[in-house]
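S.K.: Before we start, here is the structure in question, set down as structure tokens.
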Amino acid sequence: MISVGTVSQEFPGTISASSAILVDEEGSVLWAFNADTRMPMASTTKIMTALTVLSAGMDLDASVTIPPEAVGVEGSSIYLYEGESLTAGQLLDAVLMESANDAAAALAIAHAGSLDAFASKMNACAASLGLTDTHFMNPHGLSHREHYTTARELSVIARAAMEYPAFRASVSCYKKEIPLCGSEGVRLLINHNKLLKNLEGCIGIKTGYTKDAGRCLVSACTRDGITLYCVTLDAPDDWNDHTALYEWGFSQVERVVLTEAGEQYAVLPVVGAALAGGGAVQSGSVVSTAVKNTDAHAVILLRSHGEIRRELRCPRFLYAPVSAGDVVGCVVYTDADTGTVYAEVPLYACENVPAYQKPGLWQRIKSLFKIK
């Protein structure tokens, strides 16, 4: 999916948030308010907790023995017992669905050895995303003056986390059971995100609240093949804020099919190729390969959408050898009115074209005397 968007101040409603942003899945901004102000994020921190372990390839089926440091953690909890065992995946579900601070601590210690070491890994992960206004001190979001982010950068973290199927599955799940300290009983995890049931197309992500941070909410919503992300920080009326922003946001964009997968764009001559029956390309003869694309769509702001122009950018010919799947050019789609580039879609060679190999002495002798 390719998207084009610009910051808009045309949202007709009002929101309760001190900071907010609405973006599409590529990060193009539809609307923003104080989006670069550093603020506490409460339990939306746990999006980065999950991203840190998932991006490191943590085995979610691995058993985790609960350490004493993860028992009795302040705030939301699933009341872990020291020494009990859960899988990393079960702890991840508890972190994202039940917002369990003790589960976040257990997962962090299992991954990094200590809470401080895990916070360092969180900050390294943030740096790898290019974030400069985000800093973590713990895996759960309990208040600390050096624990902060911005609405804009939190939206980047959310989009990155949603690339992982395990994360998407957890934040979109409303109810799940996990074991209770090795007994026949179970812990019931209930997702705190009310938008999953109350907002059409909602697919996650994470709630948060502390006295210092206020109500914080990150959500994602998909309609008609378009996914938007909304972040609000310190928002007393966050459920309604997100609903209003989505209703407006989806009215501003459309999904345009630029090209279908496998469409053939050109047939390019290949120089120095072997002919099907053997021998090199002779003067005036042509060995060629078809050039096709992958599918591409664009999410385009309705008010800025003009005629879409298509420009083929590829060489006049190719040099052998050519392998199927080689990128040999691209198709560029632009807005005829604004010049905005909607997409640069790679073009791929469809077949293998081997290079001509000059025959050796023995091959020439066999050819001369027709020896098989």
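S.K.: Quick check on the exposure proxy: order 15, 21 from fewest to most C-beta atoms within 10 angstrom. List each step's numbers first, then the result.
M.R.: On the way: 15 20, 21 28.
In order of increasing Cβ crowding within 10 Å: 15, 21.
S.K.: Shifting gears a bit: Quick one: what are the phi-derived ³J(HN,Hα) couplings along the range 23-34, Karplus 6.51/-1.76/1.60 with θ = phi - 60°, whole Hz, x for glycine and proline?
M.R.: 10, 8, 6, 9, x, 5, 8, 8, 7, 8, 9, 6
S.K.: Same structure again: Give me the log10 of I(q) over I(0) for the range 211-258 at q = 0.21, 0.31, 0.32 Å⁻¹, as the Debye formula computes it from C-alpha points; what are the numbers?
M.R.: Summing over Cα pairs of the range 211-258 leads to -0.71, -1.16, -1.20.
S.K.: Compute the distance from the alpha-carbon center of the range 317-339 to that of the range 156-218, in whole Å.
M.R.: Comparing the Cα centres of the range 317-339 and the range 156-218, I get a distance of 42 Å.
S.K.: Check which residues have an amide H placed less than 5 Å from residue 263's amide H, if you skip close sequence neighbours.
M.R.: Here the answer is 293, since their amide H atoms fall under 5 Å of that of residue 263.
S.K.: In the range 123-209, which chymotrypsin sites (Phe, Trp or Tyr not before Pro) are in a loop and have at most 13 other Cβ atoms within 10 Å, using DSSP for the loop call?
M.R.: Details: sites: 136, 148, 167, 174, 209; in loops: 136, 174.
Within the range 123-209, the qualifying chymotrypsin sites (Phe, Trp or Tyr not before Pro) (loop, at most 13 other Cβ atoms within 10 Å) are 174.
S.K.: Suppose every Lys and Arg Cβ carries +1 and every Asp and Glu Cβ carries -1, with no other charges. What dipole size does the chain come out with about its Cα centre, to the nearest 20 debye?
M.R.: Numbers: 28 positive and 40 negative charges, 382 e Å.
Dipole magnitude for the chain comes out near 1840 debye.
S.K.: Report ³J(HN,Hα) in whole Hz for each residue of the range 316-324, in order, from the Karplus equation J = 6.51 cos²θ - 1.76 cosθ + 1.60 where θ = phi - 60°; Gly and Pro get x.
M.R.: Per residue, the Karplus-derived 3J(HN,Hα) values read 5, 8, 10, 9, 6, x, 10, 10, 4 Hz.
S.K.: A further question follows. List 147, 111 from most exposed to least, where exposure is judged by having the fewest other Cβ atoms within 10 Å.
M.R.: Values: 147 21, 111 18.
Ordered by Cβ neighbours within 10 Å, fewest first: 111, 147.
S.K.: Right, here's the next one. Express in % the proportion of alpha carbon pairs of the range 41-158 at distances exceeding 20 Å.
M.R.: Across the range 41-158, Cα pairs with separations above 20 Å total 33 percent.
S.K.: With an 8 Å cut-off on Cα pairs and a minimum separation of 6 or more residues, tell me the relative contact order of the chain in percent. Provide the component values of the computation, followed by the final result.
M.R.: Numbers: 838 pairs, mean separation 61.0, N = 372.
So the answer I get is 16 percent.
S.K.: Return the loop-located GluC sites (Glu not before Pro) in the range 162-193 (DSSP other than H, G, I, E, B) with at most 15 other Cβ atoms within 10 Å of their own Cβ; answer none if there are none. Could you put the intermediate results ahead of the total?
M.R.: Working: sites: 163, 177, 184; in loops: 163, 184.
Within the range 162-193, the qualifying GluC sites (Glu not before Pro) (loop, at most 15 other Cβ atoms within 10 Å) are 163, 184.
S.K.: Using the charge dipole of the range 2-255 (Lys, Arg: +1 at Cβ; Asp, Glu: -1 at Cβ; taken about the Cα centre), state which of 242, 167, 129 has its Cα farthest towards the positive end.
M.R.: 242
S.K.: Please order 231, 332, 218, 270 by the number of other Cβ within 10 Å, starting at the fewest.
M.R.: Values: 231 33, 332 15, 218 29, 270 22.
The fewest-first ordering by Cβ neighbours comes to 332, 270, 218, 231.
S.K.: Here's another thing I want to ask about it. Can you list the equivalent-ellipsoid semi-axes of the chain, largest first and in whole Å, using the square root of 5 times each Cα gyration tensor eigenvalue? Please report the intermediate quantities before stating the final value.
M.R.: Working: eigenvalues 518, 173, 54 Å².
Equivalent ellipsoid of the chain: 51, 29, 16 Å, largest first.
S.K.: Let me ask another. How would the range 47-99 be classified by its alpha-carbon gyration tensor: rounded, prolate or oblate, with rounded meaning a/c under 1.5 and the a/b versus b/c comparison settling the rest?
M.R.: Details: a/c = 2.00, a/b = 1.29, b/c = 1.54.
Oblate, since a/c reaches 1.5 and b/c is not below a/b.
S.K.: Continuing with the same structure: Check residue 227: other-chain or 5+ apart residues with amide H under 5 Å from its amide H, H built from backbone geometry?
M.R.: 25
S.K.: Further, regarding this structure: May I ask you to compute the full-extension gain from residue 264 to residue 128, defined as 0.36 nm times their residue separation minus their alpha-carbon distance, rounded to one decimal in nm? List each step's numbers first, then the result.
M.R.: On the way: separation 136, 0.36 × 136 = 48.96 nm, distance 3.74 nm.
Fully extending the segment from residue 264 to residue 128 adds 45.2 nm.
S.K.: Once amide H atoms are built 1.01 Å from N in the peptide plane, which residues 5 or more positions from residue 142, or in another chain, come under 5 Å H to H?
M.R.: none
S.K.: Right, another one. Output the relative contact order of the range 108-182, whole-number percent, from Cα pairs under 8 angstrom with separation of 6+ residues. Intermediate values should be presented prior to the final figure.
M.R.: On the way: 55 pairs, mean separation 14.4, N = 75.
Computed over the range 108-182, the figure is 19 percent.
S.K.: Can you tell me the relative contact order of the range 1-131? Whole percent, Cα pairs under 8 Å, sequence separation 6 or more.
M.R.: Details: 171 pairs, mean separation 23.5, N = 131.
18 percent.
S.K.: So what J values fall out for the range 76-89 if you push phi through Karplus, 6.51 cos²θ - 1.76 cosθ + 1.60 with θ = phi - 60°, rounded to Hz, Gly and Pro as x?
M.R.: Values, residue by residue: 4, 7, 10, 6, 5, 10, 4, x, 6, 10, 9, 7, 4, x Hz.
S.K.: Ok, one more. Set the bar at 24 Å for Cα to Cα. Now go through 121/175; 46/194; 46/121; 176/211; 121/194 and name every pair that lies beyond it. Can you show the working numbers first?
M.R.: On the way: 121/175 30 Å; 46/194 17 Å; 46/121 13 Å; 176/211 28 Å; 121/194 31 Å.
Pairs exceeding 24 Å: 121/175; 176/211; 121/194.
Bear in mind these aren't lab numbers, they're just calculated from the coordinates by the rules spelled out. Small disclaimer: the values here were computed from a predicted structure and weren't measured. We place every Cβ from the backbone using ideal geometry, glycine too, and count neighbours over all the protein chains shown.
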